[in-house]
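Comments concern the structure below.
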Amino acid sequence: RTEGRKSETVSSIQQQGISYEIFRAIDGLAGFHENALSQYAGQKRRERLQKLSTLGYEDKMQLLQSFTRSGADISLKAAIHESLRFGCFLSHVMLWQEMMDSQLPYRVVLEDDVLVAENFSQRLHSLLQSLPASWDLLYLNGCFKKFGPDFAASGLKLARGSLCTFGYVISLNAVQKLMTKSMLGHSDKPIDHVLDMEISRGNIVAFHAVPPLVNVIDEMESTLAY
């Protein structure tokens, strides 16, 4: 719903001659198909989203815009935030589903508020060549990053976890593991917390790119209702 957000990200990619595809993310304010809710939404998530079931899109937009005012209904604010967060969750999951359908070996995922670093393609190719065959996830940057030891190649550290999904590379092997009920099914967590949890459990083998290959645009505000 914010078409102009991606312009700086797209420009930084185009300046380096990198091929890319724009995926239209899922707007949480537009509501969700019952299949998505039954497959991925946990009980707490469903209860929060139910509070918005009788509201139209414009009503929810007005609620979102009113949360800076005093006296906002806390339960409704939580419900709006949940709907936006679940839209983000599903946007990533749908990209992963496409990977499974087409059997892509890996995919680079960038959200619409980042700039790619200089020599992005060359540096990324070098890192991918250095990863072990068992790799699942490569964070191009993140927040609350938890570093393990340096990996064999310079520019890589083992990841003990991370939050934020604004830039990462995910393997088909990781997607096949994640797209199960045990990991994604009936979840109440944001998508970055799901990944962080599966890394900490040892189910996902993850790495950090050091230095980062993408950076968040400082002045860009989140579209979630924090």
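Taking segment 107-226 as the region of interest, the strands (runs of 3 or more DSSP E) fully inside it that hold 2 or more residues being more than 19 Å from S12 (Cα to Cα) are 137-139, 143-150, 156-163, 167-171, 206-209. For segment 5-30, a residue qualifies if it is in contact (Cβ under 8 Å) with a residue 12 or more places away in the chain, under 22 Å from H81 (Cβ atoms) and not in a helix (DSSP H, G or I), and the qualifying residues are A25, I26, D27. One residue stands out in segment 143-200 among those that are basic (K, R) and within 23 Å of R45 (Cα to Cα): the one that is most open to solvent (accessible area, probe 1.4 Å), namely K181. Taking the criterion of being open to solvent by 20 Å² or more (accessible area, probe 1.4 Å) and more than 20 Å from E98 (Cβ to Cβ), the residues of segment 117-128 that qualify are E118, N119, S121, Q122, R123, H125, S126.
For the condition under 25 Å from I217 (Cα atoms), open to solvent by 70 Å² or more (accessible area, probe 1.4 Å) and modelled with pLDDT of 95 or more, S91 does not qualify. All conditions but one from (1) in a helix (DSSP H, G or I); (2) under 19 Å from T2 (Cα atoms); (3) touching a helix residue (DSSP H, G or I) at 6+ places or on another chain (Cβ under 6 Å) apply to Q62; the one that does not is (3). Contact map, segment 144-157: first residue without any contact (Cβ under 8 Å) to a residue 40 or more places away in the chain, second residue exposed (fewer than 12 other Cβ atoms within 10 Å of the Cβ), Cβ cut-off under 9 Å, separation 6 or more or different chains; pairs are A152/P132; A153/Q129.
Criterion first (more than 30 Å from E118 (Cβ to Cβ) and either part of a loop (DSSP other than H, G, I, E, B) or out of contact with any Asp or Glu (no Cβ under 9 Å at 6 or more places or on another chain) (or both)) does A36 satisfy it? When the stated conditions are applied, A36 passes them. Here Y106 fulfils each of the conditions (1) among the hydroxyl-bearing types (S, T, Y); (2) open to solvent by less than 70 Å² (accessible area, probe 1.4 Å); (3) touching a helix residue (DSSP H, G or I) at 6+ places or on another chain (Cβ under 8 Å) apart from (2). Evaluate segment 18-27: report whether one residue or more is open to solvent by less than 80 Å² (accessible area, probe 1.4 Å), in contact with a helix residue (DSSP H, G or I) (Cβ under 9 Å, 6 or more places away or on another chain), at positive phi and not β-branched (V, I, T). For segment 18-27, residues open to solvent by less than 80 Å² (accessible area, probe 1.4 Å), in contact with a helix residue (DSSP H, G or I) (Cβ under 9 Å, 6 or more places away or on another chain), at positive phi and not β-branched (V, I, T): absent.
Which count do you get for residues in segment 42-66 that are touching a residue at least 40 places away in the same chain (Cβ under 8 Å), out of contact with any His (no Cβ under 7 Å at 6 or more places or on another chain) and open to solvent by less than 100 Å² (accessible area, probe 1.4 Å)? Result for segment 42-66: 2.
Scanning segment 201-211 for residues that are open to solvent by less than 40 Å² (accessible area, probe 1.4 Å) and not β-branched (V, I, T) yields A206, F207, H208, A209. Annotation note: of L131, L140, the sole residue that is among the hydrophobic types (A, V, I, L, M, F, W, C) and surrounded by fewer than 21 Cβ atoms within 10 Å (Cβ to Cβ) is L131. Residue check: is T2 among the β-branched types (V, I, T), touching a residue at least 24 places away in the same chain (Cβ under 8 Å) and either surrounded by fewer than 17 Cβ atoms within 10 Å (Cβ to Cβ) or touching a His at 6+ places or on another chain (Cβ under 7 Å) (or both)? Yes, satisfied.
The values are calculated or read from the model by the stated rules, or taken from the named source; none is laboratory data. Everything numeric in this text was worked out from a predicted model, so none of it was measured. Note that we place each Cβ from the backbone using ideal geometry, even for glycine, and neighbour counts take in every protein chain shown. Accessible surface is based on the protein model in full, side chains and every heavy atom, while ligands, DNA and RNA are left aside. Shrake-Rupley method; radii C 1.70, N 1.55, O 1.52, S 1.80 Å.
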